[in-house]
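Single-structure report; data block below.
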Amino acid sequence: MKYEGQSCEHESYELKWAGERDAEDYKKELAQEERDDLAFRNAEGRRIRDEEVEFKHRAQCSEHESYELKWAGERDAEDYKRQLAQEERDDLAFRNEEARNHDAVMKELVSLAKEQEHESYMLKWAGENDAKEYLAEEEELRRQSLAFRNSEGRRIRELDEEERMKDIMRGAENEELNAACQRDVQQYKEACAARDRASLVLRGKEDFRKRLESENERQLQSQEEHESHLLDTHAWQDVNDYVKECKGRKRLSLAFRAKEKRRHADYAKKQHQKKIQRQQMDTFYRSEDARYVEMAQLKEKARIALEALEQPPCSFNANPFDKLMR
């Protein structure tokens, strides 16, 4: 009987040590996941900064191209003015040459002076009308060119403004996601701190209970074995509840949801292994429960047999072992 009590106590200590090792492994896993989450957020921040630098570079290139178009338009206007001035000088030189020729003809052909003068005036007026029409056409082309360049510049500015607003909206969405991630991490830290405090309180109560049990060990050996088994069962249930609670919190985390697709295969494999381990532990605990129940039944039968033997007087009308036969 004493050997069985020591064996049960040793098994309870082994279960306790196994639970502590599982808790340490789980804490290490949580720390690794937190490091992975920080690395992911650092990479995401670096990517956002690179995108901002690229956007600024594109904006500068677009602004430079706009200035290039503006300067090209100004150069075209200056070239057009110089061309008009040169054409006007050429026209004046041509008319001066015609006037000199006209004077020479007038001196040589006195008889045809009036006719030549009339023809000269007609040519002059026709030339002036042609020049006016040409200038009007060139002015209209220049106005059309300026209007086209103004509309093109306006369209480019509207496109740039639309792209800038889209970038601002994307930046705002990224900031909202980062803030939500930060809130989830803070809530997770607070939950872990509360869980650690509750675990410390539970372990303190457990140590106090064990000291009390050690003082009453000789008198309440059978009761201590039963209570130890119940405590181990409740401790295992608490560990399972704790693992389920942590899994629920991790599913609520945005960082865990972002990495869930990449870790799905490993997670499924680990879950399968854990399921096999839980089945093995459940089988072990069921066998232990059956053994404890059988031992309790044997103890109860032995107690009933002793009470039946100790009861005087003995009557042949009733079988003292009738309760054991049932």
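The values are calculated or read from the model by the stated rules, or taken from the named source; none is laboratory data. A quick note: this is a predicted structure, and the numbers were derived from the prediction, not measured. Heads up, the Cβs are rebuilt from the backbone with ideal geometry, glycines too, and the neighbour counts pull from every protein chain shown. Accessible surface areas use protein heavy atoms only, side chains included; no ligands, DNA or RNA. Shrake-Rupley method; radii C 1.70, N 1.55, O 1.52, S 1.80 Å.
Could you check the spin-label model distance between ARG82 and ASP282? Points 7 Å from the Cα along Cα→Cβ, value in nm.
9.3 nm
Straight distance only, please: which aspartates and glutamates reach the Cα of LYS81 with their own Cα at less than 13 Å, same-chain residues fewer than 8 apart left out?
Candidates past the 8-residue exclusion: GLU138, GLU139.
When all protein chains stay in place, what accessible area (Å², nearest 10, 1.4 Å probe) is found for MET122?
Rounded to the nearest 10, that gives 100 Å².
For ASP184, tell me the accessible area in Å² from a 1.4 Å probe, rounded to the nearest 10.
Counting only protein heavy atoms, the figure is 40 Å².
Over all directions, the average projected area of the alpha-carbon convex hull for the stretch 46-184 comes to how many nm²?
Details: hull surface 41.7 nm².
The number I arrive at for the stretch 46-184 is 10.4 nm².
For the stretch 56-133, compute Rg over Rh where Rg is the Cα radius of gyration and Rh is the Kirkwood radius from the inverse mean 1/r over Cα pairs. Numbers along the way, then the final one.
Values: Rg = 23.6 Å, Rh = 16.4 Å.
Ratio value, two decimals: 1.44.
Among the listed pairs LYS205/LYS274; LYS166/LYS270; LYS210/LYS244; LYS205/LYS269; LYS205/LYS301; LYS275/LYS299, which have their C-alpha atoms separated by more than 31 angstrom in this model?
Numbers: LYS205/LYS274 29 Å; LYS166/LYS270 43 Å; LYS210/LYS244 28 Å; LYS205/LYS269 37 Å; LYS205/LYS301 36 Å; LYS275/LYS299 36 Å.
Flagged as over cut-off: LYS166/LYS270; LYS205/LYS269; LYS205/LYS301; LYS275/LYS299.
Give me the distance between the Cα centres of the stretch 163-198 and the stretch 47-112, rounded to whole Å.
60 Å
Which value does Rg/Rh take for the stretch 26-82 over its C-alpha atoms, Rh per Kirkwood?
Details: Rg = 24.7 Å, Rh = 15.4 Å.
My calculation of the ratio gives 1.60.
Solvent-accessible area of SER111, probe 1.4 Å, all protein chains present, reported in Å² to the nearest ten, please.
For SER111, the solvent-accessible surface is approximately 110 Å².
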